Amino acid sequence: MKSVPMKFKGFTWQHNPRELVFEDEKTLRELSAPFDKSVVWNTGRRNMRISGEGELYGEDCLEQFQRLFELFCAGGSGVLAIAEVPSVYAVFESLKLIGRPRPNVLTYRFVFRELMEIREDTQRETLAAAGENLWDISYRYGVGIDELVRLNTQVKRPDESVEGEVIRLC
């Protein structure tokens, strides 16, 4: 199976990052009780932190980084789609250029922060918006990508735009 490129708000990585880290934590509160006992409360999951490191290749690697930097500076939130991982609604938290650029190679690090509070309620079908693909819709409605592919046989690749199509959700 061909790897689907990572995407965020219209930017597609030509080469997926070589390293990805998903940090997911819960917030716990501990209260000391008499007789050397304590009680721990799970107060919920924190927003996931998605970080990574990669390289941009080619004679235009500086231009690629510039486009990525412009995306970072633009701010705002969007769907972060990563191959074989459920998409998340996220904000671009940090972008760093690492070391000196080598001929045709530029190394960078990035951090995205998930926004769990932004999701739409599940319904039976939806009209795909401009630039949306099945990964975007998967996250927005909380429907697994495999299920969307099974339900929407007219879509040949889940990473390609389905703008204007009616997409079945269940």
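Yes/no matrix, rows are residues, columns are (1) closer than 20 Å to residue 97 by Cβ; (2) touching a helix residue (DSSP H, G or I) at 6+ places or on another chain (Cβ under 9 Å); (3) acidic (Asp, Glu):
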site: 13; (1), (2), (3): yes, yes, no
site: 22; (1), (2), (3): no, no, no
site: 36; (1), (2), (3): no, no, yes
site: 47; (1), (2), (3): no, no, no
site: 53; (1), (2), (3): yes, no, yes
site: 62; (1), (2), (3): yes, no, no
site: 67; (1), (2), (3): yes, no, no
site: 71; (1), (2), (3): yes, no, no
- Message: Kindly evaluate residue 59 against the criterion of being of a type in the set (Asp, Glu) and surrounded by 15 or more Cβ atoms within 10 Å (Cβ to Cβ).
- Response: no
- Item | Selection from segment 130-140 of residues that are surrounded by fewer than 19 Cβ atoms within 10 Å (Cβ to Cβ) and either of a type in the set (Ser, Thr, Tyr) or more than 15 Å from residue 155 (Cα to Cα) (or both) | 130
- Message: Of everything in segment 143-158, what is part of a loop (DSSP other than H, G, I, E, B) and surrounded by 15 or more Cβ atoms within 10 Å (Cβ to Cβ)? Give them in sequence order.
- Response: 143, 152, 155, 158
- Message: I'd like to know if segment 114-126 contains one or more residues that are part of a strand (DSSP E or B), within 30 Å of residue 63 (Cβ to Cβ), in contact (Cβ under 8 Å) with a residue 24 or more places away in the chain and not basic (Lys, Arg).
- Response: yes
- Query: Taking segment 1-48 only, how many residues are in a loop (DSSP other than H, G, I, E, B), surrounded by 10 or more Cβ atoms within 10 Å (Cβ to Cβ) and among the aromatic types (Phe, Trp, Tyr)?
  - Reply: 1
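Bear in mind that the values in this text are calculations on the coordinates, not laboratory data. Just so you know, these numbers come straight off a predicted model, no measurement behind them. No Cβ is skipped: glycine too gets one built from the backbone with ideal geometry, and neighbour counts run over all protein chains shown.
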